[in-house]
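Novice: Have a look at this one.
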Amino acid sequence: MASLDRFEEIVRRTPAPTRATLETDNLHPFDARNIHPGLPPKVRALFDDGHFAESTFAAFKFVESRVKTLSGAKGVGFALMFAAFDEAKPLVKLNGLLSDNDVDEQRGFRHLFAGAQAAIRNPRGHGNDPPDGPDLCLDHLSVASVLLRTLDAAGFAQQP
């Protein structure tokens, strides 16, 4: 009887699903997380096949490729991002750079783009084979989505 009492206690403490939870239960995780739709189909296919680290790597290779195309810079990874978003001589301007806030935003995104390449992309591209699960992969893809939406908002939306 004690185990049934314990079960009842757990059930009573567990919150009922919210409407938002019920509405997202039937969505693909990319849709539930609002992952940027411009990512290549390969990113979703790798995710669906359980290749989470590879999905993350493909997404950040895509971000790198977009920045390389927009900037015309020759570098890769961290160095590319630092050159592309340099607030003093930006190859990719995210705003008008007319105020201290504009410069701070440019500098901040410079570090976010570069840091994402170093901390998220590189470990998955250099044979470290991190044991990523679906939730971590979706978190990483959310970061890639923020970076891509930042480019979109700055007027660099990808053409279909």
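The values are calculated or read from the model by the stated rules, or taken from the named source; none is laboratory data. Please read these numbers as outputs of a predicted model, since none were measured by experiment. When we count neighbours, we look across all protein chains shown, and the Cβ atoms used for this are built from the backbone with ideal geometry, even at glycine. Note: accessible area is taken over every heavy atom of the protein model, side chains too, but ligands, DNA and RNA are not part of it. Shrake-Rupley method; radii C 1.70, N 1.55, O 1.52, S 1.80 Å.
One line per residue, one yes/no per condition, for (1) in contact (Cβ under 8 Å) with a residue 12 or more places away in the chain; (2) surrounded by 14 or more Cβ atoms within 10 Å (Cβ to Cβ):
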| position | (1), (2) |
| --- | --- |
| Ala116 | yes, yes |
| Pro123 | no, yes |
| Gly127 | no, no |
| Pro130 | yes, no |
| Leu136 | yes, yes |
| Leu141 | yes, yes |
| Leu148 | yes, yes |
| Leu151 | yes, yes |
| Gly155 | no, no |
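Novice: Looking only at the range 39-65, which residues are part of a helix (DSSP H, G or I), touching a Phe, Trp or Tyr at 6+ places or on another chain (Cβ under 8 Å) and within 17 Å of Ala116 (Cβ to Cβ)?
Specialist: Val43, Ser55, Val63
Novice: Still on this structure, I have one more. What's the number of the only condition in (1) modelled with pLDDT of 95 or more; (2) buried (at least 17 other Cβ atoms within 10 Å of the Cβ); (3) more than 22 Å from the chain's Cα centre (by Cα) that Leu39 fails to meet?
Specialist: Of (1) modelled with pLDDT of 95 or more; (2) buried (at least 17 other Cβ atoms within 10 Å of the Cβ); (3) more than 22 Å from the chain's Cα centre (by Cα), only one is false for Leu39: (3).
Novice: Considering each of Gly72, Gly77 in turn, give the residue that is over 28 Å from Gly133 (Cβ atoms) and not hydrophobic (A, V, I, L, M, F, W, C).
Specialist: After applying the criteria, what remains is Gly72.
Novice: Only residues that are over 14 Å from Pro29 (Cα atoms) and of a type in the set (Asp, Glu): list them for the range 42-74, please.
Specialist: Selection gives Glu54, Glu64.
Novice: Ok, one more. Among the residues in the range 75-84, are any open to solvent by 80 Å² or more (accessible area, probe 1.4 Å) and part of a loop (DSSP other than H, G, I, E, B)?
Specialist: Within the range 75-84, the first condition is being open to solvent by 80 Å² or more (accessible area, probe 1.4 Å), and the residues that meet it are 76, 78.
The next check asks that each one be part of a loop (DSSP other than H, G, I, E, B); those that pass are 76.
Looking through the range 75-84, at least one residue is open to solvent by 80 Å² or more (accessible area, probe 1.4 Å) and part of a loop (DSSP other than H, G, I, E, B).
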